[in-house]
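Values quoted throughout were computed directly from the atomic coordinates according to the rules given, and no laboratory measurement underlies them. Computed from a predicted structure; not experimentally measured. Here the Cβ positions follow ideal geometry from the backbone for every residue, glycine too, while neighbour counts run over all protein chains shown.
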Amino acid sequence: MSKTNSQPTPPAIPEALAHVRGDFPILSRTVHGKPLVYLDNAASTQKPQAVIDAVTRYYSHENANIHRGVHLLSTEATGAYEEARGKIAKFINAADDSEIIYTRGATESVNLVAHSYLEPLLQPGDEILISAMEHHANIVPWQLLCARTGAILKVIPVTDDCDLDLATFDQLLTEKTKLLSIVYVSNAIGTVNDIQPLLDQAKARGIPTLVDAAQAIQHIPLDVQKLGCDFLVASGHKIYAPTGIGILYGRRALLDTMRPYQGGGDMIAHVTFEGSTFKEPPSRFEAGTPHIEGAIGLGAAIDYLSSVGLPAIHDYESQLIAYAVAKLSQIDGLKIIGNPRVRSGAISFTMGDAHPHDIGTVLDTEGVAIRSGHHCCEPLMKRLGVPATARASFSLYNTPADVDALAAALKKTALLFL
Amino acid sequence: MNPDLKKLYQQTLLAHSKQPHNNCELANAASATLRNPLCGDEITVYRKTDDDGRARITFTAQSCTICLAAASMMTQHLAALPNPEATQFAKQFVSDFQDKPATIDLPGELAALSGVLAFPSRIRCATLPFEALLKIQAQDPSSRI
Ligand SMILES: Cc1ncc(COP(=O)(O)O)c(C=O)c1O
């Protein structure tokens, strides 16, 4: 790759995002004596004070179980938990709050769809269609399901640039396809897939669809009704909310037909030893005492994102990532993996013989947190011919100065290994 | 440069990782493969005893600097040790590092690996080759390292 010497221009931080760094207390800490430059946002984002406060407020003022007590605390906790559901529904434009099911995260959401929706419908020889750039969370649950049912997992290939290779998409969608499950934004490479035509095509042929939005929901405004997907999954901890909480969006007509996921309290209408009947969605899929403070924290995170404004965030992050691509491209020996038409969130790269794990260690001593490895996308890494990459991933609080710190630390790494 | 980093990537270690010793497959040898699930690194260690009774240990790997250097040093050091001591050494090496002490005394060039103690997430990189070697023996208890 030829390196140019003209310096890329850093984007200006817009007014809407001018003060966001102050909202995240962790960003003022140091790491190995250096200011923290947090570029591992695709793995998990940091939490704003508003989310920390919401969780603290729940424990100091409202703590009680939900949907159970007649007492005030339980009523308040139930209210906060359900209010958060409404915020999420609105955030992704679901038609009804009951279309939002709380889960532990994107992983559990996929597993829930596999168990409660797809498994009872599958015959041996039926097909599930995914892509070669899926996270393991959108591969392994289907493999397990195929092993239980005799269904077959089919894979949309990717190009060398790491875009979807749609040349054979038409043939891959068959009358045997029982679900198209596709990632919106690749966590490993940052590819933004143009999923709308794929969803449209599946819908036209009566094939249900699932969108893995784990890396999209924090970067790109989503509208599930416009997308027309049947399911959509995401994790709270990647959208500035606590760990252990996530969502499954499911179109109500499908949710109504689905069997329970786990059995237990809160999901039943009646229990007798002769048999039990189950509540309507979403309760049918939320057995036991849920992650109440997680849901409340997720509601607060969505309020926070909405107050900054997702369109402004999307616009700024796009400029920041273009700046980062330009800046990293100037480093001798550095190779950016994948060249997607549209990119969001992440840049994966290798550097000569410097192993990504070693790059990660050197950067850590400079205060720069990135991830190295296969990013839970082993099949994709194999397809792209790299055993592992180093990955920098961005969020609303990252700045051009963070990118510069990354570039400077990478130049030091090069001195050591190249 | 950060002093811990300097100690981690000292010359001995970098030299081994750039030109690892015994970095090849070994025909008709017992072997075992291990992965570090954290980073996907993978190493295969081969071991056999030649007709003259001398042990040969080699490895192939797709792995980081630390793991490559540790494997290279291990193949040299352990092939030179007589049987029970070699196994004992590998076991001790793994358990010492897993305990994460402040320092570890290691013979010869292996001492260069003690730099990982300042980087807990990298300890497994140093122990992986030794664990793979022990796995060969676990698969076939009659084969003493
Ligand atoms: C694209 C994608 N899908 C699914 C997941 C799984 O998310 P979680 O581990 O929070 O369940 C991730 C997490 O990295 C991801 O990036």
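A few comments on the model shown:
- Compactness of segment A:51-307 was expressed as the Cα radius of gyration divided by 2.2 N^0.38 Å, which yields 1.03.
- GNM top mover of B:T33, B:T60, B:T12 - chain B, alpha-carbon springs below 10 Å: B:T12
- Of the residues A:R371, A:R251, A:R29, the one that moves most in a GNM of chain A with alpha-carbon contacts below 10 Å is A:R29.
- Dipole magnitude (debye, nearest 20) for the protein assembly as shown, charges at Cβ of Lys, Arg, Asp, Glu: 780 debye
- Backbone HN-Hα couplings from phi across segment A:81-94 [Karplus 6.51/-1.76/1.60, Hz, Gly and Pro as x]: 5, 6, 4, 4, 4, x, 5, 5, 4, 5, 4, 9, 6, 6
- Built amide H within the under 5 Å cut-off of A:H67, gap 5+: A:T78
- Spin-label pair B:S95/B:K6, simplified geometry with 7 Å Cα→Cβ offset, distance in nm: 3.6 nm
- Restricting attention to the protein assembly as shown, close to 70% of DSSP beta bridges with both partner residues there are antiparallel.
- Largest GNM mean-square fluctuation across A:T168, A:T149, A:T243, computed for chain A with C-alpha springs under 10 Å, falls on A:T168.
- Rounded to the nearest 20 debye, dipole of segment A:33-142 from Cβ charges on Lys, Arg, Asp, Glu: 520 debye
- Summed residue charge, Cβ within 13 Å of B:L8's Cβ, Lys/Arg positive, Asp/Glu negative: 0
- Projecting the alpha carbon convex hull of segment A:27-179 along each direction and taking the average yields 14.7 nm².
- Residue among B:F119, B:I57, B:T12 farthest towards the positive dipole end of segment B:3-139, charges placed on Cβ: B:F119
- For chain A, the mean residue ellipticity at 222 nm estimated from helices alone is -10000 deg cm²/dmol, where every DSSP H run of n ≥ 4 contributes -39500 (n - 2.57) and the total is divided by all residues, rounded to the nearest 500.
- The residues neighbouring A:R21, those whose beta-carbon lies less than 15 Å from its own, together hold a net charge of -2 under the Lys/Arg +1, Asp/Glu -1 convention.
- A simple rule links phi to the HN-Hα coupling: the Karplus curve 6.51 cos²θ - 1.76 cosθ + 1.60 with θ = phi - 60°, which for segment A:48-58 gives x, 3, 4, 6, 4, 5, 5, 5, 5, 4, 4 Hz, with x for Gly and Pro.
- Rg to Rh, two decimals, where segment A:148-226 supplies the alpha carbon set and Rh follows Kirkwood: 0.96
- Net charge of Cβ neighbours under 12 Å - reference A:Q262; Lys, Arg +1; Asp, Glu -1: 0
- For segment A:226-234, 3J(HN,Hα) per residue [Karplus equation, 6.51 cos²θ - 1.76 cosθ + 1.60, θ = phi - 60°, Hz, x = Gly/Pro]: 6, 4, x, 7, 8, 9, 8, 10, 7
- Per-pair calculated FRET efficiency, R0 = 45 Å: A:A18 and A:T289 via Cβ, rounded to 0.05: 0.65
- Extension gain for A:N93-A:D223 works out to 46.3 nm (0.36 nm per residue, less the C-alpha to C-alpha distance).
- Computed helical MRE - 222 nm, chain B, DSSP H runs ≥ 4 contributing -39500 (n - 2.57), nearest 500: -13500 deg cm²/dmol
- Global geometry of segment A:208-344, whether rounded, prolate or oblate, following the gyration tensor of its Cα atoms and the 1.5 cut on a/c: prolate
- Dipole of the protein assembly as shown, positive end: most advanced residue of A:L17, A:A326, B:A27 [Cβ charges, Cα centre]: B:A27
- Gyration tensor verdict on the protein assembly as shown (Cα atoms; rounded if a/c is under 1.5, prolate if a/b is larger than b/c, oblate otherwise): prolate
- Residues whose amide H lies under 5 Å from that of A:I152, counting only those 5 or more places away or on a different chain, are A:G125, A:D126, A:E127, A:I128; hydrogens are built 1.01 Å from N in the peptide plane.
- Alpha-carbon Rg with Dmax, taken over segment B:3-139, Å: 13.9, 47
- Put simply, the amide H of A:V31, placed in the peptide plane, has neighbours under 5 Å in A:L36, leaving out anything fewer than 5 places away on its chain.
- Beta bridges from DSSP with both residues in segment A:51-307: antiparallel share about 50 percent, rounded to the nearest 5.
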